[in-house]
Structure formats: C-alpha cells, structure tokens
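Data block below; observations after.
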Amino acid sequence: MATSKQTHDMSTAQKNRLSDTEFAFPEKRKEPLTDAEHVRNAIARFDQVEGVSDADRDQAWRRIRAAARRFDIEVSADDWRELFDGGSARRR
C-alpha cells in the first residue's frame, strides 16, 4: 500500500504522460487533477500559480470544481477570488 507521500508525489515522467485536460492550468501543465488528493492540493495552491490571467483562473476553477464533484470533495469557495480574500494569500 502506498503511503500518503507516495500517492501525492508524481514523477515528471508520470506528469508528462497526462493529457493537458488533466491539469487545472493546462497551458502551464500545473496542478494535476488526477485524484482527490491532487484536487485538494490544487485548491490549496491555487494562489501560488503565477503567470496566468484571470480568464485562465476562471477556466482552472471550473476544472477544479468539476474534479471536486467527480471525487466527492466539498469546496466551500464558490469563486476562486474567495481564496484571495482575507487570508494570508494575496494575488500575485
């Protein structure tokens, strides 16, 4: 049985085999959405992705929400902008 760290870590070769549609940010190939753990990670790291437009974030958020539904993950934020409100996260 794989440990949590082994499950979370994805090798470069594994990432390279994924199609663009399996990433929240396909143009940058950032934040794979291949399982529940990766979807949670994509949400947690959403504010850390640099060099993307608001339109890219809108599309990525739709992909993340769809993946969250697929893996039965509850997402409290309705809009990605909520991830930047109030907390230590700030928009880059």
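The values are calculated or read from the model by the stated rules, or taken from the named source; none is laboratory data. Every value quoted in this text rests on a predicted model; they were computed, and no experiment measured them. Using ideal geometry, Cβ is built from the backbone for each residue, glycine included, and neighbour counts are taken over all protein chains shown. To get the accessible areas, we keep the full protein, side chains included, count just its heavy atoms, and leave off ligands, DNA and RNA. Shrake-Rupley method; radii C 1.70, N 1.55, O 1.52, S 1.80 Å.
Key figures for this structure:
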item	result
Segment 57-74, residues that are open to solvent by less than 30 Å² (accessible area, probe 1.4 Å) and not in a helix (DSSP H, G or I)	I73
Test: residue in segment 25-47 that is of a type in the set (D, E), out of contact with any helix residue (DSSP H, G or I) (no Cβ under 9 Å at 6 or more places or on another chain) and surrounded by 13 or more Cβ atoms within 10 Å (Cβ to Cβ)	no
